[in-house]
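Read through the structure below, which is laid out as structure tokens, and then see the notes.
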Amino acid sequence: MARSYQDVLAGARERIPEIQVSELAELLESEDAPLVIDVREQDEWDEGHIPDARHVPRGFLESRIAGIADELDAPIVINCAGGARSLLAGVSLDEMGFRNVKSLAGGFSRWKQDGHDYTVPSTLTPDQRARYSRHVRIPEVGEEGQLKLLDSKVLLIGAGGLGSPSAYYLAAAGVGTIGLVDDDVVDASNLQRQIIHSNDRVGALKAESARQTIEGLNPDVSVKVHPFRVDQTNVLELMNEYDLVVDGADNFPTRYLLNDAALMTRTPLVHASILRFEGHASVFHPYEGPCYRCLFPEPPPPDMAPACGEAGVLGVLCGVMGSIQANEAIKMLLGMGDTLAGRLLIYDALSMSFNELRIRRDPECPACSDGAKLEFRDYEAWCAGERGHAEAPVSA
Amino acid sequence: MSLVRIPPVLRQAVGGEREVEVPGSTVAEVLDNLYDAHPAVKAQLQSEDGELHRFVNVYLNDEDVRMLSWLDTPVSDRDRILILPAMAGG
Ligand SMILES: [Zn+2]
């Protein structure tokens, strides 16, 4: 015998307890605030929703719930517009094993009617919704995460081997503001790995060339070109304008400068470096995790530290390591997952192996320890190695 | 025998090898045996007074030996030792 909609709803009401608007409002103020899941459609959500509610349209509830609620006994309140869809959604979660699910009686309409606060979300445009749909579909990202990316500002030091892929992916991901620091011009010998540039831009400023590529890829991104070398007179002002810095520099003086400036401005630093077939990557979170100088207190002398120009680098290695930097940057901007903070990732492209080393904050670190006197120094002279060392040149 | 991983900048000094097997029951012994077998490495890792350069990190498995017992850190058979100078390329 067919069951009518009313029958189904009555059955759901027997299984799923309802919660009143006033009770939910009180709970949300308390320490036992439940997770509120709004199962309405996008256009309904866009007109306003309960603050802190998560939006999962009814049709995606079962597939996306795992990314949103991971414990079966976590308290969950579902709301829709009037309290019917939320009951049916509750039955679904109940069947999936969630044991503490309630449905908001009267839904968002009653919430609003009773004069409770609600949030009108800033939303993606229809074009953005299409462009970023593969992000939005990831439960951990969603529209909220995508909006966060669009609102984020990332500074890239170097638009070269590492900066090319990281800028490319950050731009594609919709990071709203990308700053590019590079005073160099595109050379034909760059094109084997610096994929953001092209043949017709040989001779052009790298930062400018990268801007053109990014603007062609994604009109949502505002690119700020900083066509100079980062130094102690400009680094602090520059860093203060951005949420995080991706270090794709090609020399030690800049890397040590960036580390000190990141500590001074408390800006997270996403690190990578490359040579031949080998890449290193980590994340330096000022004063929360180790810094670059906890890892390498002093730069090696020049003969122990050949640049890629002398020693060579596999082009695709830049793609792997720059993409890892973009990945870490996006996770930090979204506040999800575990970053490489406290770990040094070593990638060996020849053996195709990833190794991890533990790095800890050094209580004696000359830059970030409690007793450290953090100030800029003459990085060029320091890295040029005014120390005695044996000569053992490396051939390219 | 422990397995010592050689970074790109030192490979020429060990005849192009990426990993070499070296005997020794402490980090110091392993390094000494490495120098005996490949004298060119010594100059790049040590200063003239025999101290390991500050710009060279040595890891036993995944831990910095500075956090363990430095050069006295015991090394067991099949441990992995990694020599890690900083790289700047980008
Ligand atoms: Zn430090």
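Here are a few things to note about the model shown:
- For the range A:1-41, GluC sites (Glu not before Pro) meeting the loop criterion (DSSP other than H, G, I, E, B) and having at most 10 other Cβ atoms within 10 Å: A:31.
- Note on the protein assembly as shown: lysine pairs with Cα distance below 15 Å, sequence gap of 8 or more or different chains, count 4.
- Amide hydrogen neighbours beyond the local backbone of residue A:81, cut-off 5 Å, H modeled: A:108
- Residues whose amide H lies under 5 Å from that of residue A:185, counting only those 5 or more places away or on a different chain, are A:206; hydrogens are built 1.01 Å from N in the peptide plane.
- Each residue of the range A:134-149 is assigned a 3J(HN,Hα), and the resulting list reads 6, 6, 4, 6, 7, x, 6, 9, x, 5, 4, x, 5, 5, 4, 4 Hz, derived from the Karplus form 6.51 cos²θ - 1.76 cosθ + 1.60 (θ = phi - 60°), x at Gly and Pro.
- The range A:296-395: C-alpha gyration tensor shape, a/c 1.5 cut-off, then a/b vs b/c: oblate
- For peptides B:35-42, A:47-54, sequence by mean Cβ density within 10 Å, most packed first: A:47-54, B:35-42
- DSSP-defined beta bridges in the range A:150-238 - what % are antiparallel, rounded to 5: 10
- The separation of the range B:27-68 from the range A:220-282, counted between C-alpha centres, amounts to 30 Å.
- As a proxy for reagent exposure, A:291, A:308 were ordered by neighbouring Cβ count within 10 angstrom, fewest first; the result is A:308, A:291.
- Cβ crowding within 10 Å averaged over residues, with A:251-259, A:63-71 ranked highest first: A:251-259, A:63-71
- Note on A:239, A:336: ascending count of other Cβ atoms within 10 Å places them as A:336, A:239, the fewest first.
- Counting every other Cβ atom within 10 Å of each residue's Cβ, A:112, A:373, A:206 order from fewest to most as A:373, A:112, A:206.
- Antiparallel bridges, percent of DSSP beta bridges restricted to the range A:5-121 (to nearest 5): 10
- Amide H contacts of residue B:19 (H built 1.01 Å from N, under 5 Å, at least 5 apart or other chain): B:6
- Residue by residue along B:3-11, Cβ atoms of other protein chains within 10 Å of the local Cβ number 4 on average.
- Taking the C-alpha atoms only, the angle from helix A:315-334 to the longest principal axis of chain A is near 40 degrees.
- HN-Hα J in Hz across the range A:35-49 - Karplus 6.51, -1.76, 1.60, θ = phi - 60°, x for Gly and Pro: 7, 9, 10, 9, 9, 6, 7, 3, 5, 6, 4, 4, 7, x, 8
- Within the protein assembly as shown, antiparallel bridges make up roughly 50 percent of the DSSP beta bridges whose residues both belong there.
- Shown for chain A is the translational diffusion coefficient from the Stokes-Einstein equation, using the Kirkwood radius over Cα pairs, a temperature of 4 °C and a viscosity of 1.567 mPa s: 54 µm²/s.
- Cα gyration tensor shape of the range A:244-338, rounded if a/c is under 1.5, else prolate or oblate by comparing a/b with b/c: oblate
- Overall, the ratio between the Cα radius of gyration of the range A:1-69 and 2.2 N^0.38 Å, rounded to two decimals, is 1.32.
- Each residue of the range B:73-78 was assigned a 3J(HN,Hα) from its phi angle through the Karplus expression (A = 6.51, B = -1.76, C = 1.60, θ = phi - 60°), giving 3, x, 10, 9, 3, 6 Hz with x at Gly and Pro.
- For chain A, the residue among A:84, A:336, A:101 whose Cα projects farthest onto the positive side of the dipole built from Cβ charges is A:84.
- Mean separation of Cα contacts under 8 Å, 6 or more apart, over the residue count of chain A: relative contact order %: 12
- The label point for residue A:372 and the one for residue B:28, both projected 7 Å from the Cα toward the Cβ, are 2.9 nm apart.
- Computed from point charges on the beta carbon alone (+1 for Lys and Arg, -1 for Asp and Glu), the dipole magnitude for the range A:246-396 about its Cα centre is near 400 Debye.
- Averaged over peptide B:56-66, the number of partner chain Cβ atoms lying within 10 Å of each residue's Cβ comes to 4.
- For the protein assembly as shown, with +1 on Lys and Arg beta carbons and -1 on Asp and Glu, the positive-most of B:13, B:46, A:311 along the dipole: A:311
- Per-residue shielding of A:349-357, expressed as the average number of other chain Cβ atoms within 10 Å of the residue Cβ, stands at 2.
Any read-out appearing in this document is the output of simple, stated calculations on the displayed coordinates, not a laboratory observation. This structure is a prediction, so every number in the text was calculated from the model and none was measured. Reconstructed Cβ throughout: ideal geometry from the backbone, glycine too, with neighbour counts over all protein chains shown.
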